[in-house]
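Quick note: the coordinates plus some simple rules give every number you see, no bench work behind them. Keep in mind that what you see is a predicted model, and the values were worked out from it rather than measured. Methodologically, a virtual Cβ is constructed for each residue, glycine included, from the backbone with ideal geometry; neighbour enumeration extends over all protein chains shown.
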């Protein structure tokens, strides 16, 4: 009898558990099982009991363009509660063929439930139904993404802008916009102009009145001639479309439609610069002027002054090098400090760049700094133009004279001043004294011959000891000087450690300036292959070369990939280290 009772209770427990499992429903439903590759699909994951830890499928072969949207409903019918919870997604296929939507997972009452995989057939693009009451058709006809190019036929290194505008008619509302595909502007130097906030403006599209927002502004400078392509940009847009239905208060009911819009590929025909370029043309394209200024024009020998060579104007200011400053040999010239004050708008770059030289005169006199020639190409006149800075005279008031004009001649072979009387100290007559026979032992000469070698040995030992100490001091000084030089080049980058984009632009500029000053590399030769060749010619170690090239690649990758504060700090420390090492090796 006891066994029968236990069996009955066990059977009742199993039946109740089974009935409870059967009462839970978790299903996946799609809006259609066959669609075109240019259409969207809605999929709903429905459950009749609230759950936790919902996991959507991976949607392999699809791209999610909307969702997840969550809706919950509770109703009581004849005293019985009915519950429904739905997770909705809008997806679009990425290819044709038979695609499978995987299983979704939910946890209900500490049990795991899964949906059944769903197969859908994707065909080629289908023609949308031209039904004005169809929400998808309304969106297709009233939403457009356009790429406006200011100049589709520029010269090499001539700037132009690309403005992406999202047009939408007044009868629909845009509620959410996200960028899917961002074009990589290969073969262009690019600069993204930040838009503080999206602002709706009025305009026309194909003759009709439209609202539009400017989504992105890009300034491009082509780096090679020929046909170049600007790849498409795609946006995911959520659109509210009015329906013919109204709510209880008479307000129109809207339905939300996800839509992917694309600005098509644009072709740019880049003209090469004319072949009659002067020899000192460094690649400047635009309209510029050049000026040479100095902090002093009168000073004494061994005092210093700063001479600044500045290029002002509109054009590719960051893409060419300033001409070098030629000075007389009696003015000691140090490596220039590069500065730039460049801004960018939709017309391109404008502002100025400059090289500041520190000059130290050695002798008294007047020293002219000749005008500096600067050559640029003007796209408006389609010709090269040469301009010159003003001449500056440096008057050194006090100091040693470099030569005596009344008592010097100049050697034609090496221009070394030779004094006519500089050999007068040589005697032409001898003054010999006869030596008498004396006892050499215990004489002064005897003791001198004994103690002089000992003194010489002591002097030699002291000399090598002091030389060793001096050598260690020199090595320490060189190390400190190299480290100080590296931090000088990287000062602007250090200031912008918390601003990723500005930091990597400053870092790339610092590396470029270091190469210009140490290897005399031009902007046109600023390639990884050329840098490696020049560094090997200077017998720089391969480890230092690889570290320097790695920093250049990090600057390039940082334009398109996110970077952490730790990575930026590491790049800065590595830059200080590698510049110091290369400077010591040079």
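Relative contact order for region 286-396: 34 percent, from Cα pairs under 8 Å spaced at least 6 residues apart, divided by residue count. The share of C-alpha pairs in region 114-176 whose separation exceeds 12 Å stands at 80 percent. Highest-first packing order for the peptide set 278-288, 574-584 is 574-584, 278-288, based on the mean count of other beta carbon atoms within 10 Å. Between residue 31 and residue 335, the distance separating the two model label sites (each 7 Å from Cα on the Cα→Cβ line) works out to 6.3 nm. For region 23-123, the relative contact order is 35 percent, taking Cα pairs closer than 8 Å that sit 6 or more residues apart in sequence and dividing their mean separation by the residue count. If you take the square roots of the eigenvalues of the alpha-carbon gyration tensor of region 323-389 and sort them as a ≥ b ≥ c, do you get rounded (a/c under 1.5), prolate (a/b over b/c) or oblate? Oblate, because a/c is 1.5 or more while a/b does not exceed b/c. Cα centroid separation, region 192-267 to region 65-122: 30 Å. Mean separation of Cα pairs under 8 Å and 6 or more residues apart, divided by the residue count, gives region 223-313 a relative contact order of 27 percent.
Model label points for residue 114 and residue 346, set 7 angstrom from Cα along the Cα-to-Cβ axis, are 5.4 nm apart.
From the square roots a ≥ b ≥ c of the eigenvalues of the alpha-carbon gyration tensor of region 184-301, which class results: rounded (a/c under 1.5), prolate (a/b over b/c), or oblate? Cα axes put region 184-301 in the prolate bin.
The coefficient of translational diffusion for region 60-140, derived via Stokes-Einstein from the alpha carbon Kirkwood radius under 4 °C and 1.567 mPa s, stands at 79 µm²/s. Exposure proxy for 47, 271: other Cβ atoms within 10 Å of each Cβ, ordered fewest to most, give 271, 47.
With neighbour counts taken as other beta-carbon atoms within 10 Å, the residues 382, 217, 206 rank, fewest first, as 206, 382, 217. Exposure proxy shown here: for 76, 189, the number of other Cβ atoms within 10 Å sets the order, fewest to most, as 76, 189.
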